[in-house]
Structures are given as C-alpha cells and as structure tokens.
1. Where residues in region 216-234 are in contact with a helix residue (DSSP H, G or I) (Cβ under 9 Å, 6 or more places away or on another chain) and assigned to a helix (DSSP H, G or I), which of them is most open to solvent (accessible area, probe 1.4 Å)?
2. Scanning region 206-215 for residues that are assigned to a helix (DSSP H, G or I) and of a type outside the set (A, V, I, L, M, F, W, C), which turns out surrounded by the most Cβ atoms within 10 Å (Cβ to Cβ)?
3. Which condition number in (1) open to solvent by less than 30 Å² (accessible area, probe 1.4 Å); (2) not β-branched (Val, Ile, Thr); (3) not in a helix (DSSP H, G or I) is the one that Phe36 fails?
4. Looking at region 180-195 only, could you name the residues that are touching a Ser or Thr at 6+ places or on another chain (Cβ under 8 Å) and assigned to a strand (DSSP E or B)?
5. Pull up region 96-129, narrow it to residues that are within 25 Å of Thr71 (Cα to Cα) and in a loop (DSSP other than H, G, I, E, B), then point me to the one that is most open to solvent (accessible area, probe 1.4 Å).
6. Within region 130-150, count every residue that is in contact (Cβ under 8 Å) with a residue 40 or more places away in the chain, in contact with a Leu (Cβ under 9 Å, 6 or more places away or on another chain) and open to solvent by less than 20 Å² (accessible area, probe 1.4 Å).
7. Of the residues in region 165-179, how many are in a helix (DSSP H, G or I), of a type outside the set (Gly, Ala, Ser) and closer than 23 Å to Leu213 by Cβ?
8. For region 278-288, check the following and say yes or no: at least one residue is closer than 15 Å to Ile181 by Cβ and in a strand (DSSP E or B).
Amino acid sequence: MFATGIENSVPTIDGGRTRIDEMDSCHHYTRWREDFALVSEMGICYLRYGPPIHSSWLGPDHYDWSFADETFAELKRRNIAPIVDLCHFGVPDWIGDFQNPDFPEQFSRYARAFAERFGWVQLYTPVNEMYICATFSARYGWWNEQLASDRAFVTALKHLVKANVLAMQSILQVRPDAIFIQSESSEYYHAESPAAIGPAELMNSQRFLSLDLNYGRRIDSEMYEYLFDNGMTREEYHFFLGNKLKQHCIMGNDYYITNEHRVAENGVTQASGEIFGYSEITRQYHRRYRLPVMHTETNLAQGSSGREAVDWLWKQWANVLRVRNDGVPVVGFTWYSLTDQTDWDVALREKRGTVNAVGLFDLDRRIRPVGKAFQRLIRQWRDVLPTQSLCLTVPVVMPSDAGGDQEAHQRARAREMG
C-alpha cells in the first residue's frame with residue numbers, strides 16, 4: 001500500500017483556550033477537492049485521513065457529518081481507500097482532555113457512529129500515536145491537559161489505549177472484516193554513558209507500553225510496578241490482557257529523524273539523529289508483536305533544492321526493502337503528508353503559522369521534488385511489489401453470531417497475516 005496522509009492534528013494549547021487545527025492552517029477545508037485530485041494524480045490509492053473530531057463530534061451521540069459526507073463521497077468516487085484516522089492528538093472541547101475517564105466509552109460510540117454511516121470503509125487508525133499523544137499532553141506538558149507527571153502520563157495512556165480498543169470492538173460490530181492499522185511512533189533511547197544505561201533501559205521499556213496494552217501483551221515486572229505506582233488498577237490491567245483483537249491489526253510504525261534519543265545519566269534526553277534507522281528499530285517491534293508492518297509516517301523538511309527530502313525518501317524506502325527481504329511482512333509505505341504542514345518545528349506548542357516544507361506538495365499545491373520522486377518510486381515498484389489490494393482481500397473473521405467455527409476462522413486469518 002503506497003500511501004500519503006492529510007494532517008488532521010487538533011490539540012489544544014494555552015490551557016485549552018487555543019486549538020491547533022492543521023486542516024485549517026494547511027487550507028484543506030477550502031481545497032479538499034484539489035487535494036484529493038492530487039492524490040489521484042500521484043497514483044496513490046491509500047490515504048490516511050479522518051474527519052475533524054472537534055467539529056464532527058458535538059456531544060454524546062450528537063454528530064455533524066456534513067463535511068465528512070462530502071469528503072468521503074469524493075474519496076469513494078475516486079476509488080481512494082481511506083485509512084480513517086478518528087482521533088489525532090485532540091478531543092472536542094466538551095470532553096476536555098485525555099485525563100477524562102469518560103473519553104474511552106464516549107469515543108467508542110463516536111467510532112461506531114462513523115462506521116455505521118460510512119459502511120464501505122474498511123481500514124482504520126482509531127487513535128493516532130497513542131504513546132506520543134500521552135507523552136506530549138501529560139509528560140511534557142505541551143498539549144491538551146498540559147500536565148507533566150508520571151501519573152498524568154499513565155492516566156492519559158490508559159485512556160487513549162482503552163479508547164482505541166473499545167473503538168476497534170465497536171467498529172467490528174458494524175464491519176466484522178475491518179482492519180486496524182496502528183500508527184505508533186517507533187522510538188529508541190541510547191545511553192550516552194554507563195551511568196545513563198538505567199534511565200535509557202526504563203525509557204526503552206516505556207516506549208512499548210501503548211502497543212503492549214493495545215495488543216494484550218503481558219508487561220514485564222518493572223513496567224507492571226510503574227503502571228500500578230501511577231494509578232492503573234488491577235481491573236484496568238486485566239481489561240487490556242483480555243483484549244483479543246490482534247488478529248485484526250497491522251502494526252503501523254512511524255519513523256522520523258527525531259525518533260532516536262540520547263539519554264543522559266539524569267534522564268534528560270535530546271535528539272540523537274538517525275543511529276539505528278528504521279530497519280533495526282522495526283525489527284525490534286516486529287520481534288515483539290509478530291504482526292504485518294506498515295511504515296505509516298515519515299518526512300524530512302527540505303531546503304531550497306529539495307535534495308534532503310528526496311534522499312530521505314530513498315533511505316526510508318531502502319530500509320523498508322531491507323526488513324522486507326529479511327522476512328518481516330511489510331505491506332505499506334507512507335510519505336506524510338500530502339502537503340506541507342505548519343508549526344511542527346515547535347511541536348504545535350505555539351500557533352505561529354510557520355510553514356514546514358515536508359509535503360509532497362507545498363501549500364499552493366505545487367509539487368515538490370520529493371513529490372516527483374515518490375510518484376516515480378510508486379510507478380517503478382508497484383508492479384514489482386504487488387501489494388495494492390492486500391488489505392482488501394484478507395480473509396474475513398466471522399462475527400460471533402455467524403455460523404461455523406469462529407476460532408478456526410481466526411486461526412486461518414492469523415496464519416494468512418503472518
């Protein structure tokens with residue numbers, strides 16, 4: 001699956017008084033028809049895309065689907081398969097933030113309502129980058145609740161992952177053959193001295209927490225103590241252990257040049273740049289979860305020549321081919337996003353309007369050198385790696401009220417998906 005995305009982050013800052021709406025700042029609300037035409041012209045068949053949650057979800061069981069009705073009808077007409085991104089770093093004002101314990105259940109109802117209205121959609125990312133959202137909102141104090149403590153981080157994380165799990169359950173009740181492509185940041189923490197080994201090992205365990213809980217994987221004793229010391233209850237932990245949805249999932253992982261970190265002995269981190277790279281870190285995640293993989297996000301800001309981004313695209317694609325040739329079932333690759341973004345140079349902590357030149361197209365919808373390179377890559381490789389329809393042809397898991405041996409169907413599907 002060759003893919004791109006349309007950035008739909010909507011976190012709040014300034015104590016909830018200011019919302020950062022990337023669809024607005026990148027002019028998608030007024031140019032969405034043009035944006036979808038560009039996707040088609042690129043030869044891209046898959047688009048990470050979702051309705052703006054803050055203006056679509058107006059209250060409990062109260063929705064405004066007017067924008068989604070128009071945009072998703074056009075995607076269907078163009079035969080662009082959306083990978084629907086329902087929650088991207090923010091919630092509506094009436095929910096508040098990710099400390100709200102009502103969020104998971106309410107979000108699952110929102111996800112079900114979307115699935116009922118757009119029954120032709122099969123591919124979903126219910127909650128985007130759960131680990132990063134919890135980190136930036138409740139550990140660094142940058143977004144939404146703007147808290148900075150381990151307890152706030154664990155609270156946000158367990159609510160985000162529970163929301164994702166409940167949303168998957170709700171969507172499957174409507175569409176039993178739905179497939180969920182997690183988009184999660186793939187991180188690594190390097191100790192810069194022997195004294196930093198302990199803090200780095202702790203962070204390298206914490207980076208897996210969102211996916212461990214999401215896939216119902218038992219965590220190690222150190223992380224067990226960490227979660228319980230910071231507010232997770234026995235009942236909450238067993239909810240995650242009882243989650244049996246892994247067979248419906250593809251492990252989407254995101255990799256940027258900022259995903260690797262140097263750790264000092266006092267636990268302070270700084271960006272290390274690319275040390276291991278996508279292939280090595282992806283092997284670590286695949287060994288842990290044994291799921292098909294999709295590279296769901298990457299980009300690099302480009303200078304005046306655009307050469308930096310073109311070289312980064314080539315390097316990421318070479319890494320994808322490397323892990324695929326090593327036996328990791330890689331089923332997709334994404335340049336994120338279709339157009340330039342704004343204010344990611346300050347991690348959306350301020351509303352400056354600074355354009356970040358990371359898109360396949362600039363904000364005037366002129367193609368960038370990396371856009372031409374991605375178009376060429378797709379054209380050259382799509383017949384060599386014929387994966388364009390993989391996600392639409394995997395065996396369907398029968399719903400529980402259907403006839404036949406449901407467990408046999410699940411086992412067959414698990415074998416098909418590696």
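The values are calculated or read from the model by the stated rules, or taken from the named source; none is laboratory data. The structure presented is a predicted model; accordingly, all values stated were derived computationally and were not measured. Note that we place each Cβ from the backbone using ideal geometry, even for glycine, and neighbour counts take in every protein chain shown. For accessibility, only protein heavy atoms count, side chains too; no ligands or nucleic acids. Shrake-Rupley method; radii C 1.70, N 1.55, O 1.52, S 1.80 Å.
1. Residue satisfying both the conditions and the ranking: Arg234.
2. Once the filter is applied, the top-ranked residue is Asn214.
3. Result: Phe36 passes all but (3).
4. If the condition is that a residue be touching a Ser or Thr at 6+ places or on another chain (Cβ under 8 Å) and assigned to a strand (DSSP E or B), then Phe180, Ile181, Gln182, Ser183, Glu184, Tyr189, His190 are the ones that fit.
5. Trp120
6. 7
7. Number of matching residues: 7.
8. Checking region 278-288: not a single residue is closer than 15 Å to Ile181 by Cβ and in a strand (DSSP E or B).
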